[in-house]
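The values are calculated or read from the model by the stated rules, or taken from the named source; none is laboratory data. Given the structure is predicted, the values throughout are model-derived calculations rather than measurements. All Cβ positions, glycine included, derive from the backbone under ideal geometry; neighbour counts span all protein chains shown. All accessible areas refer to the heavy atoms of the entire protein, side chains included, with ligands and DNA or RNA removed. Shrake-Rupley method; radii C 1.70, N 1.55, O 1.52, S 1.80 Å.
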Amino acid sequence: MSRRIIIGMAAYNERHRIEPVIEELRCYQDAYDYDVVVGDDGSTDGTYELLKKKSDDYGWGIIRKDRNMGVGSMIRSLIYYGRNNQYEVFMIVSANGKTDIENLPRLFTPVLSGEYDYVKGSRYMKGGKMVNMPRFRLFAIPVFSAFVSVMMRKHLTDVTYLVNASKLSIYNDPDINLGQEWLERYGMEYYILYYVLRKYRIKEVPMTVRYPSDGQGYTKIKPITGWWDMIKPWLLLILRIRR
């Protein structure tokens, strides 16, 4: 075990897309010197069985929830796994194949060097790419990114691309309370990003995001309720209704 970098992947009913991601993570594991922990959030389509077999084969960590608790809950569990096992850097990657595994060093290298505390990807920076990007997102993501940039007074080009690398030590910050029930779904990553923008050294780097060519199954975020989960942390924290 490297004990330096741990990559976490949260999955829920991704059996049809996750196997190539697993194999790509394994392909680069020795070269990039990271460990992996996979999390199944109560899948019913055979995702857990596949993850269990692969984790046994590759010596990876695995977390299983008996029922679907939400991506925020699983991200919390993955972070706790990394912290409890004394890793230095935590990374999160997508289980549905959108993450550019080959370019992960762009994210973790500035964190390992101590230059930054949190490095996130961006499709909109020079060098970033979007493949088969849904039209609605082409418009909505820059609008949302501008909204957050104005509220936080820090410029971000791609708020919703949350593949990132972070120092696990930031989660010891007493202001960051990951255990809150209202963060179980899509708000967790934005809650973390809020505090990172306020208190820590953050950088965006260009990354490639690839959406399915058939336009199907690229997200589990539901309109309205899912969008509210993404917006809610910014409003509640800025207004000091939550902390």
Original post:
Counting just the residues of the stretch 221-241 that are over 15 Å from Arg198 (Cα atoms) and open to solvent by 60 Å² or more (accessible area, probe 1.4 Å), which one comes out farthest from the chain's Cα centre (by Cα)?
Top reply: Ile241
Original post:
List, please: which pairs have Cβ atoms under 8 Å, are six or more places apart or on different chains, and start with a residue in the stretch 45-58 that is at negative phi and end with one that is assigned to a helix (DSSP H, G or I) and open to solvent by 80 Å² or more (accessible area, probe 1.4 Å)?
Top reply: Asp45/Arg15; Asp45/His16; Thr47/Arg15; Leu50/Arg15
Original post:
Of all residues in the stretch 179-213, how many are open to solvent by 50 Å² or more (accessible area, probe 1.4 Å), outside any loop (DSSP other than H, G, I, E, B) and under 13 Å from Trp234 (Cβ atoms)?
Top reply: 1
Subject >> helices (runs of 4 or more DSSP H) wholly inside the stretch 1-110 that include at least 3 residues being out of contact with any strand residue (DSSP E or B) (no Cβ under 8 Å at 6 or more places or on another chain) and closer than 23 Å to Tyr161 by Cα >> reply: 15-32, 71-84
Original post:
Which one is most open to solvent (accessible area, probe 1.4 Å), of the residues in the stretch 124-155 that are in contact with an Asp or Glu (Cβ under 7 Å, 6 or more places away or on another chain) and hydrophobic (A, V, I, L, M, F, W, C)?
Top reply: Met125
Subject >> Residues satisfying the stated conditions in the stretch 111-127, i.e. more than 22 Å from Arg137 (Cα to Cα), touching a strand residue (DSSP E or B) at 6+ places or on another chain (Cβ under 7 Å) and not β-branched (Val, Ile, Thr) >> reply: Leu112, Tyr116, Asp117, Tyr118
**OP:** Give the residue, chosen from Ile176, Ile92, Ile101, that is among the β-branched types (Val, Ile, Thr), free of Cβ contacts under 8 Å to residues at least 24 places away in the same chain and closer than 25 Å to Asp41 by Cα.
**Re:** Ile176
